[in-house]
């Protein structure tokens, strides 16, 4: 097998990794379409968000102590109350969450994330509301919601001192404790069932082009992180003692964490076509309801960052380094597309020794092709001697037959880590780059189809450019061998760029941008190496 064939084999192996990643872990990124209609109730919730805080700042930090009350004896005369909770951010005037609590069941009826647009690829002024169905409903023994009373203000602002909302039913209380800058609250219950749960279908679909298959998951942490796709959970299952349990979509999650003990009993159940049911047994829990952002989950602790899928163990560590480089070292760059371009330059510099070694080895292998063919022809009927003579030739010429493809294979973990990072970063959701590239988490399309063609929604310019670059790389590299081997190499020269173009038209545009820039730099690097080798050979001939 020639070095060029080995190079093609390495590329095929790389395609195999991409295909496995696509069909096993990446199905939810760009297939199908879920028709999601925003209800009029959700639209009204967004309309109720106050445009500014009241001038009296003393009202911003309200503590509502429990007030003993009698429950409503006649449910028909019960007057339901709703409390709007506005959680402020770190910057003056910033709001991160607008929530609505109900005295019926003490439920969370609305949880609107102010920094995240619902279906970001659509031109609608709608924010993400993580409540598709009410959360954390407290029920009586007969399964009916507990009817609480509430005596505080209708709107509670959460400032530096935090805020508390308490619902009372007889001697039973349900208290929500909020903190500034936190996507969640602490829930304390007294005289009520200790189990807190999120029903099936609680979390909504927030992306336009996706499928529910693999989109929703239940995850928890015992001695390690575990997860199941919502549709693969069989009935009500106990997870055992957990340090946290969560129901998640691709980019958002609701986590329940026990507070009276390190671990508590958790449960999961099927999502019935939506997000999974989760429950936790503790009368004091911390609830996180927000984006699956690494920094926020890291502050939460308890290994909650494990729910962000950066890949297998080795790949995961590489992915974390790439993620930290993007989010910390390049934090001064406001455009995420530009960050990815800088990352491509940085990784190209880091991996350039491997590229140089691979290309030089390939050139050496091309030079000894005539001698190799002569040996193959001479010892065609004696494979053992043929192999022995080949090894002598390699040793004499200082050639490593694996030198061309091995460095390329070593780069694959980095590429695979890039795929996992860019496919799961909520920071890229709705983040634009230039012109028509307005969402780096979605495939880039300059031409949209009316209906899908071979599973594609449109044509991406970057993917087309990537195919052209790959073709030029192979064309400039040249082919080696004769006969059928040369024909196979020529066929691969045309087929591989087409196949890769097709794949990248389905990948997130952030990944396509990275791989395009990286391959342009690789093409330039190869030309520089080629010129240097030619110059060194000319100098040697002259001497």
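Work out the FRET efficiency for residue 126 and residue 79 from their Cβ-Cβ distance, taking R0 = 30 Å, and round it to the nearest 0.05.
E(calc), rounded to 0.05, equals 0.50.
Based on the Cβ-Cβ distance of residue 387 and residue 535, what FRET efficiency does E = 1/(1 + (r/R0)^6) give at R0 = 41 Å, to the nearest 0.05?
0.70
Rounded to the nearest 0.05, what FRET efficiency do residue 345 and residue 272 give with R0 = 45 Å and r taken as the Cβ-Cβ distance? Could you check?
Between residue 345 and residue 272 the formula returns 0.40.
Sticking with the crude label model, points 7 Å out along Cα→Cβ, report the distance from residue 400 to residue 155 in nm, one decimal please.
Those two pseudo-labels are separated by 6.9 nm.
I'm a student and want to see the number: the projected area of the Cα convex hull of segment 412-459, averaged over all directions, in nm².
Mean projected area of the Cα convex hull: 4.4 nm².
By how many nm would the segment from residue 190 to residue 367 lengthen if fully extended, with 0.36 nm per residue of separation less the alpha-carbon distance?
Length gained, residue 190 through residue 367: 55.6 nm.
Determine the distance separating the Cα centre of segment 433-456 from the Cα centre of segment 310-376; give it in Å without decimals.
27
Could you grab the relative contact order for segment 194-308? Cα pairs under 8 Å, six or more apart, rounded to a whole percent.
Computed value for segment 194-308: 31 percent relative contact order.
Provide the gained length on full extension for the span residue 181 to residue 262, in nm with one decimal, where the gain is 0.36 nm per separating residue minus the Cα-Cα distance.
Going from the current span to full extension adds 26.7 nm.
With the crude spin-label approximation of a point 7 Å out along Cα→Cβ, what separation in nm comes out for residue 324 versus residue 302?
2.4
Obtain the nm distance between the two label points defined at residue 379 and residue 453 by a simple spin-label model: each point lies 7 Å from its Cα along the Cα-to-C-beta direction.
Each label point lies 7 Å from its Cα, and together they span 5.3 nm.
The numbers here are math on the coordinates, done by the rules we state, and not lab data. On a predicted model such as this, the values are computed, not experimentally measured, just so you know. Backbone-built Cβ (ideal geometry, glycine too); neighbour counts: all protein chains shown.
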